[in-house]
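Visitor: The structure under discussion is supplied below as structure tokens; questions concerning it will follow.
The values are calculated or read from the model by the stated rules, or taken from the named source; none is laboratory data. The structure displayed is predicted, hence computed values, not measured ones. Don't worry about glycine lacking a Cβ; one is built from the backbone with ideal geometry, like all the others, and counts go over all protein chains shown. Areas reflect the complete protein model, heavy atoms only, side chains present, ligands, DNA and RNA absent. Shrake-Rupley method; radii C 1.70, N 1.55, O 1.52, S 1.80 Å.
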Amino acid sequence: MENKPTSVWTSNRFWRRSATWITGVAAVLLILLTFDSMGQMQMGTAEDIQNKVTKRIPSPVVINYKIDYVLDPYRGHEVPIIGGKTVDSATGKVSSKFEEKEKFFGRDDWSEEEARALIHKGKLTIQAKNCMDCHTLLGNGAYYAPDLTKAWLDPAWSSEGPLQAMTGANSKEEAMATFLQNPDKYPTHERMMPNLGITPEEAKAVVAYLKFMSAIDTNGFPRNFGKIKGAVDARK
Amino acid sequence: MQGNRLYEGQKLALKYFTVAIVLFGAQLLFGLIAAIQYLYPSFLFNTLDFSIARMVHINALVVWLLYAMIGAVYWLLPDEAGVEVVGVKLGTLAFYILTAAVAVVVLVYIFVQVGPGNEMTLWLITEGREYIEAPRWADIGIVAVVLVFLYNVYATVLKGKHSGILVVLMADLIALAGLYLAGMFYTDNIAVDQYWWWWVVHLWVEATWEVYVAAVGGYILIKTLNANRQVVEMWLWIEVAMMFGSGILGLGHHYFWIGTPEYWWEIGALFSALEPVPLVGLFVHVLYDWGKERGKGNSIKNIPAFAWLTVETFGNFLGAGVWGFMHTLPQINLYTHGTQWPAAHGHLAFFGAYVAIMISAIYLAVQGKAGLKEMKMTKAGWWAISLITVGVLLMTVSLTLSAYTQTMVERGMHGATWEGYFIAQANKWFVQGMGWRLASGLAVVAGYALLVYDLLTVTKKQPAEVTEGEAAVQTA
Amino acid sequence: MFEPCTDIVCSFWSMLNQGPMTLTIILHTLIVLPMIWIYFDEKKKLQSGE
Ligand code: HEM
Ligand code: HEM
Ligand SMILES: [Fe+2]
């Protein structure tokens, strides 16, 4: 059945060999790159924080620290700063890291073990309640509700923000936990979050996860987070 | 095809196709619910929330496409290999087990919905990871069923003829099945979690499924146009080279912002930018073959199947190629990531690349079942393809408008905050896009109803005698 | 010009990533160059009538 091909370009065997070669190399490269990436994406430890080593995915003990998200002039985008005592928000100049603590549910001495347990429960809850089919996390998920990547840093939850005021709580973490347990009691818009039966422990764990997630280095996503205030939307 | 006598494997294919079409209907129904909730948020609030509607919508999509894909393989396998499918009894048993499992999973999704935050929920209710939410017990069942399927394919091909199409399919299906394993484990580290999650999602739709489509598309061309096998298989290898060459490392376009190293910017941008190239190739190839066969005065043996194949090549190129490229460079993706952009692209890409070709394969099976030499388009079939295609195109355009607004207002102007999100959602342009999406969704549903009707009746509506030549003109 | 480390963590790949195109050009070249050899090999076989 095989006609004699007249040119290499119409030879099935040439294309079959090329396809095999290309697929093989691409697959091997992907595997090598994956090893490298996995190495860089391991969760950090409390020791890293003590030694002031920056990790892409830090240790869960970051919940003991204040977290910022500021422009890094060298990398050209915003990066999370953990426990930065002197962050100049205008220039983004950071002169210290892993120093300034911040209480999380009244404590800033969560041990590595405790913090890990909290994060573990938080992640399980996030999956069990299917947060990702309304929200985006690290930008992936559904588009029915706000992105949660840096939700911990959202001005709406700060002490002057409307969301914290609405729940009547007097810290960010308490406000978030209160909201999560009864979201349909604290509507901000006609589109509300449903009641997912989140318990107080689950809520605390989820908030811990959100704080931890805000400290992940996402290469500057989302851009300009919370920086542009009072922009005018004339067409609204 | 050989008159009315079908291979047992082909009868099994018909079962898979039937469930596929039913699940397609469920997909559209739940998509409609989710689309209504965008405009009227109180609709089914706290009863069947958006997250549940959306989960059923996208899971039904993935599952029915897999059903149809398995069906199409069982259809063409005995035909290509020239022997009956080995292990068809086992395959039939696997079909019933899978279908029972899918029914249980869907019922649990709809009636149990969510669980407490512990491992048990991931095992029994949902894993809560977009597209592959299926609980772990079902994952394991799926793996078992797929192993049976793979065994049948391999054993059959080894016994019969090894056509180029079958060789490509065998290699591709192994990769496709193996990738599913990458999405089956749990980790606290959300960055690592999403890294492997994309191995499943991206390496499915932008590598292994695309190659699957190229192989099955080649088979449909041979069946509908009598295309030259030698040429079809040469194209197939070119497609494999270009799709895997760009698609495998193109995976990097999902590794821009999830805690991954910066070098993925470059890799993801430039490899995925080449992904549209093979899709243009596929498109050109089909049109070229069509023109060539028409020039020879040959008729199209199955007009609906061929028409849907044309929709697939065009839709694949437009939805995956053009709409994918629009947001694949990191400079743009920084602002479009996590907005309606991926939704606009996802709808046209899934429809264009996969839905259309699966419907084409089903029409081929309908013809084979009735033992018709030629099959023409009916009025209902014509309306079905038009309503569905125009509906999805319009939906994509509407979502793109909303996406622009969201990108500009929420991301550009308001720094991506909670407040910025809701300001953009309330924007007039955004809301109108959502309205048009709902309207076009209704058109798709109408088209679906006609499609089902046509699949059931098309063979009875064929003219008594189809003369050569006339059939070719019919498409015009 | 050359920066040994362009990311938080220095690695082989981040070293190749020196500007907007360096890494990807290297990888594309690695994939495409050997195809030239495959081409001439096939040509030889074709001419010798295999
Ligand atoms: C009746 C027609 C349809 C309606 C009303 C509809 C509606 C929707 C809605 C509301 C969402 C959720 C988007 C969000 O998270 O904001 C969605 C997601 C999705 N739909 Fe549909 N849909 C329809 C048909 C289809 C078809 C025919 C396909 C594919 C062939 C499809 C594939 C998808 C995909 C892949 C997603 C996930 C998108 C993403 O996360 O980026 N839908 N759809
Ligand atoms: C048939 C093939 C394809 C299908 C079915 C498909 C489907 C999808 C879907 C459903 C998503 C949204 C995922 C989510 O829910 O988060 C997505 C994301 C994306 N797709 Fe595709 N796609 C295809 C091909 C392509 C191609 C060829 C390109 C590039 C040229 C591309 C570029 C992208 C990009 C950049 C994203 C990420 C959006 C983001 O998260 O920011 N896709 N695709
Ligand atoms: Fe992709």
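Visitor: Which lysines, if any, have their Cα less than 20 Å from the Cα of B:Lys461, not counting same-chain residues under 8 positions apart?
Guide: Hits, sequence-local ones excluded: B:Lys301, B:Lys369, B:Lys373, B:Lys376, B:Lys379.
Visitor: Set the Förster distance to 30 Å, then compute FRET efficiency between C:Ile36 and B:Leu181 from the Cβ-Cβ distance, nearest 0.05.
Guide: 0.25
Visitor: Further question: Residues in segment B:378-409 near a label at B:Lys461, defined as backbone nitrogen under 14 Å from the 7 Å Cα→Cβ point?
Guide: Under 14 Å, as judged by backbone N against the label point of B:Lys461, lie B:378-387 of segment B:378-409.
Visitor: Step through the table entries B:Lys223/C:Lys45; A:Lys85/A:Lys211; A:Lys55/A:Lys85; B:Lys15/B:Lys159; A:Lys52/A:Lys103, compare each Cα-Cα distance with 29 Å, and write down the pairs that go over it.
Guide: Result: B:Lys223/C:Lys45 exceed 29 Å.
Visitor: Then there is this: Segment A:213-228 to segment B:154-170: how many Å between their Cα centroids?
Guide: Using only Cα atoms, the two centres lie 50 Å from each other.
Visitor: Here's a follow-up. Of B:Phe111, A:Phe212, which has the most accessible area and how do the rest follow, probe 1.4 Å?
Guide: Largest to smallest exposure gives the sequence B:Phe111, A:Phe212.
Visitor: Remind me, relative contact order of segment B:8-162 in percent, using alpha carbon pairs under 8 angstrom and six or more residues apart? Write down the numbers at each step before the final one.
Guide: Numbers: 173 pairs, mean separation 44.5, N = 155.
It rounds to 29 percent for segment B:8-162.
Visitor: Reachable aspartates and glutamates from B:Lys161, Cα under 19 Å, same-chain residues fewer than 8 places away excluded?
Guide: Result set, ordered by chain and number: A:Glu2, B:Glu8, B:Asp79, B:Glu80, B:Glu84, B:Asp172, B:Glu233.
Visitor: Please list the equivalent ellipsoid semi-axes of the protein assembly as shown, computed as the square roots of five times the alpha-carbon gyration tensor eigenvalues, in descending order and whole angstrom.
Guide: 47, 30, 23
Visitor: Distance in nm between label sites at A:Asp109 and A:Leu30, each 7 Å beyond Cα in the beta-carbon direction?
Guide: 4.9 nm
Visitor: For an R0 of 41 angstrom, estimate the FRET efficiency from the Cβ-Cβ distance between A:Thr199 and C:Phe2 and round to the nearest 0.05.
Guide: 0.15
Visitor: Let me ask another. If you average the C-alpha positions of segment B:125-141 and of segment A:1-63 separately, how far apart do those two centres end up, in angstrom?
Guide: With segment B:125-141 and segment A:1-63 each reduced to a Cα centre, they are spaced 26 Å.
Visitor: Which helices, taking whole DSSP H runs in chain B, have alpha carbons extending 27 angstrom or more along the helix axis plus mean Kyte-Doolittle at least 1.0?
Guide: Helices passing the filter in chain B: B:8-39, B:50-81, B:88-111, B:136-159, B:379-405.
Visitor: Averaging sequence separations of C-alpha pairs under 8 Å and six or more residues apart, then dividing by the length of chain B, give the relative contact order as a whole percent.
Guide: With pairs under 8 Å counted, the relative contact order is 15 percent.
Visitor: What residues have an amide H closer than 5 Å to that of A:Asp147, excluding those fewer than 5 places away on the same chain, when H is modeled at 1.01 Å from N in the peptide plane?
Guide: Amide H to amide H, under 5 Å and 5 or more residues apart or across chains, A:Asp147 pairs with A:Thr136.
Visitor: Indicate the gyration tensor shape class of chain C (rounded, prolate or oblate), computed on the Cα atoms with a ≥ b ≥ c the square roots of the eigenvalues: a/c under 1.5 is rounded; otherwise a/b larger than b/c is prolate and the rest oblate.
Guide: In terms of gyration-tensor shape, prolate.
Visitor: What distance in nm lies between label points placed 7 Å from Cα along the C-beta direction at C:Lys45 and B:Val390?
Guide: According to this spin-label approximation, the distance is 5.1 nm.
Visitor: Let me know the charge dipole size of segment B:8-162 about its Cα centre in debye, to the nearest 20, where only the beta-carbon of Lys, Arg (+1) and Asp, Glu (-1) is charged. All intermediate terms of the calculation are to be shown ahead of the outcome.
Guide: Details: 8 positive and 10 negative charges, 54 e Å.
Value, rounded to 20: 260 debye.
Visitor: So what is the calculated 222 nm ellipticity per residue for chain A, using -39500 (n - 2.57) for each DSSP H run with n of 4 or more, over all residues, to the nearest 500 deg cm²/dmol? Show your work: numbers first, answer last.
Guide: On the way: 6 runs with 83 residues, N = 236.
-11500 deg cm²/dmol, from helical runs alone.
Visitor: Distance between Cα centroids, segment A:66-80 to segment B:241-312: provide it in whole Å.
Guide: Each part reduced to its Cα centre gives a spacing of 38 Å.
Visitor: Okay, next question. Relative to the longest principal axis of the C-alpha atoms of chain A, give the angle of the C-alpha long axis of helix A:12-41, reported between 0 and 90° and rounded to the nearest 10°.
Guide: The angle comes out near 20 degrees.
Visitor: Round to the nearest 10 and report in Å² the accessible area of B:Trp382, as given by a 1.4 Å probe over the protein chains' heavy atoms.
Guide: That residue has around 140 Å² of solvent-accessible surface.
Visitor: Below 12 Å, Cα to Cα, which aspartates and glutamates can B:Lys428 reach? Residues fewer than 8 away in the same chain don't count.
Guide: Of all the aspartates and glutamates, those that pass the test against B:Lys428 - Cα under 12 Å, at least 8 places apart if same chain - are A:Asp233.
Visitor: If the label point is 7 Å along Cα→Cβ of B:Leu147, which residues in segment B:75-114 have backbone nitrogen under 18 Å from it?
Guide: What the label zone holds, given the 18 Å backbone N cut-off, is B:87-99, B:101.
Visitor: Let me ask something additional. Using a simple spin-label model with points 7 Å from Cα along the Cα→Cβ vector, what separation in nm is obtained for C:Val9 and A:Trp9?
Guide: Label-label distance for C:Val9 and A:Trp9, simple model: 4.6 nm.
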